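Structure record follows, encoded as structure tokens.
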Amino acid sequence: MKLNTKQTVLIGLSFASILAFWQFYDQVIPVILENHFGRSTSVTNAIMSIDNILAVFLLPIFGKLSDKTRTRMGRRTPYILFGTVAAVALMVVLAVLTEQSSFWGFFVFLMLLLVVMSVYRSPAVAYMPDVTPKPLRSKGNAVINLVGYIGGIFAMLAAQLFLKSDVLSDGTIEYHSFIPIFAAIAVFMLITVLITVFTLNENKIVREAGVSDSDPEEEKSGGKLDKDVFKSLVLILMSIFLWFTAYNGVTTSLSRYFESQFRIGAGESAIYVTVATAAAILSFVPLGMLSSRLGRKTTILLGIVLMTAGYAAMCFLNSVSLLIYVIFALVGVGWAAINVNSFPMVVEMCRSADVGKYTGYYYAFSMAAQIFTPLLSGLLIDNLNLGYRILFPYAVVFSVLSFVTMCLVRHGDSKPEKKKSLLEHFDVDAD
């Protein structure tokens, strides 16, 4: 049994489209709100958090709807195609409203855009498990993440190329037209999704994949999960919430942590995030292969150990050193180990007819953590006057808790295939 790498890469292009948008959203929309429209930081942060709130409710709903959809284009493709086209159209309107300095028009169409992105995110992510046998889903997810990061990298490069600005005499920054950056991201999103749609016939590849709806871990009546499997599902969703609480607690306040503790500006500290991202990208595929040997649960636990060790090490550093690069590289590898395997573990517990719904559950818990952690960490840092020194101990606590809950998970793992002969251990898919 081998992964169809070419097919998985083509599916991953729709994920690259999504990551390009969210990287653009995180980089550019706050600048427009705060710099162009003159909104306060608190108002900007509140608006920027709405996408997570919408995602908690909408991702499971549209994931489930796509499970029940039957069209000539397939289950997921209609959502991916028409969702992307609608998102691109709304981005064109947003670009025009930005140029016209119409804040309320911009706000209304931004909300519509966030809803549209929530409509097709779960179907896009659920596409890969639909056509990938369960034992290969960690490898498939590794490829999907690797291709997806192309979108994030494109958005970062596009921001550098197309988001031009001048520093005025009073020290403020004035940006040139935002239309080029909107156009670049919109074109990238449209092209990548059109490649996916027109090179893959979803119904055909689903039939050829022959991924069965039957699962020994489910009761046959009504497709309900067995009690023990349901317990494992709850535990892994709790684990997802906990490790996202730890990780996003750090990333949300990292630049301010370095300012406070090491007197390093945001531009300089961004290099450490880049190191973690690069380490994650380089380790996605090797970790997907490792999980097929060790199992998903073991690989995730090793990832949590790496991340916890990194958080703990940062607690004892009082000055900048080369060790920080090593720490963030380890954190990046640990984060990749978790991401490559956690989503496949969630969808392992369901029938293929329910993949979209369970994809929505996965993202709902990760998004809920991203709503929760800025509030709790902010309370500890500001309201309880613990300062930024509490940031990494905070991450250690939630990371350790995720290790405990993950240890209790008993289902959703992949069992390494037994080789018929010694030579099969050297068999590598060259597709």
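Being over 17 Å from the mean Cα position of the chain (by Cα) and either of a type in the set (G, A, S) or more than 21 Å from V119 (Cβ to Cβ) (or both) is the filter here; which residues of the range 351-373 pass it?
Within the range 351-373, R351, S352, A353 meet the criteria.
Here is a list of conditions, (1) among the β-branched types (V, I, T); (2) surrounded by fewer than 22 Cβ atoms within 10 Å (Cβ to Cβ); (3) within 18 Å of the chain's Cα centre (by Cα), and V250 meets all of them except one; can you say which number that is?
Every listed condition holds for V250 apart from (2).
At pLDDT below 90, touching a helix residue (DSSP H, G or I) at 6+ places or on another chain (Cβ under 9 Å) and of a type in the set (V, I, T): which single residue out of V187, V197, V193, V206 fits that description? Write out each step before concluding.
On the way: V187 fails: at pLDDT below 90; V197 fails: at pLDDT below 90; V193 fails: at pLDDT below 90.
Of V187, V197, V193, V206, the one residue that is at pLDDT below 90, touching a helix residue (DSSP H, G or I) at 6+ places or on another chain (Cβ under 9 Å) and of a type in the set (V, I, T) is V206.
One residue is enough: does the range 310-325 have a residue meeting the conditions assigned by TED's automatic domain parsing to the domain that holds F398, crowded, with 19+ Cβ neighbours inside 10 Å and either at positive phi or not aliphatic (A, V, I, L, M) (or both)?
Keep residues of the range 310-325 that are assigned by TED's automatic domain parsing to the domain that holds F398, which gives 310-325.
Still in the list and also crowded, with 19+ Cβ neighbours inside 10 Å: 310-311, 314, 324.
Filter once more, so that each one left must be either at positive phi or not aliphatic (A, V, I, L, M) (or both): 310-311.
Yes, the range 310-325 has at least one match.
List the pairs whose first member sits in the range 326-350 and is under 14 Å from L282 (Cβ atoms), whose second member is among the aromatic types (F, W, Y) and modelled with pLDDT of 90 or more, and whose Cβ atoms are under 9 Å apart, counting only residues at least 6 apart or on separate chains?
Pairs that qualify, where the first residue is under 14 Å from L282 (Cβ atoms) and the partner is among the aromatic types (F, W, Y) and modelled with pLDDT of 90 or more, are V331/Y247; V331/Y311; W335/W243; W335/Y247.
Cβ-Cβ distance below 6 Å, separation of 6 or more or different chains: which pairs start in the range 181-192 with a residue that is under 11 Å from A155 (Cα atoms) and end on one that is not in a helix (DSSP H, G or I)?
Correct list of pairs: I181/L163.
Mind checking which residues of the range 64-96 are out of contact with any helix residue (DSSP H, G or I) (no Cβ under 6 Å at 6 or more places or on another chain), touching a residue at least 60 places away in the same chain (Cβ under 8 Å) and either among the charged types (D, E, K, R) or within 15 Å of P129 (Cβ to Cβ) (or both)?
Passing the criteria: only R72.
The values are calculated or read from the model by the stated rules, or taken from the named source; none is laboratory data. Since this is a predicted model, take the numbers as computed values, not measurements. Cβ coordinates were reconstructed from backbone atoms using ideal geometry, including for glycine residues, and neighbour counts include every protein chain displayed.
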